[in-house]
Amino acid sequence: MTERGSASILAVAVSTLVLLLGLSVVTAGGLVSAAFVAHTAAEAAALAAVSPAVTDPITAARNVAALNNASLVTCRCPRPGSPPPWIAHVRVEKVVAVPFFGEMIVPGVASAEFVPDGW
């Protein structure tokens, strides 16, 4: 019996292992990146909701979240015309395509406060 071809089997096994490891690293990196994007979208949406130039805080938060490729889920925003300080608590979600697993939803939460006297 000879051992011809055994190196080919070992090379295929190592190549498969490297491919799977690379795929898992790329997937984890994509999820981490999506988490940062979701958090940034939530912060931007919360800041938009407490802006004094905004007449409809919920619409402003929804639009800013959409500009950051996220969806506004909840917004406890100040009512239009209410006296300051204005406080907004925002939750957004970002949908991420994960290879072999389909889509995952990554949440982002943030709060913002605007106090005119603090300027």
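The values are calculated or read from the model by the stated rules, or taken from the named source; none is laboratory data. Only a predicted model underlies this, so the values are computations on that prediction, with no experimental measurement involved. Please note: Cβ atoms are built from the backbone with ideal geometry, for glycine as well, and neighbour counts cover all protein chains shown. These accessible areas exclude ligands, DNA and RNA; they are computed on the full protein's heavy atoms, side chains included. Shrake-Rupley method; radii C 1.70, N 1.55, O 1.52, S 1.80 Å.
Couple of notes before you dig in:
- Solvent accessible area, Å² - Glu3, 1.4 Å probe, full protein context: 150
- The shape of the stretch 61-119 can be summarised by an equivalent ellipsoid whose semi-axes, obtained from the alpha carbon gyration tensor, come to 31, 10, 9 Å from longest to shortest.
- Rolling a 1.4 Å probe over the protein heavy atoms of the chain, with every protein chain left in place, gives an accessible area that is 66 percent carbon and sulfur.
- Taking all protein chains as they are arranged and a probe of 1.4 Å, the heavy atoms of Val12 leave approximately 90 Å² accessible to solvent.
- For the stretch 2-93, a Kirkwood radius taken over Cα pairs fed into Stokes-Einstein (10 °C, viscosity 1.306 mPa s) yields D = 99 µm²/s.
- In a reduced charge model with +1 at each Lys and Arg Cβ and -1 at each Asp and Glu Cβ, the chain shows a dipole moment near 160 debye about its Cα centre.
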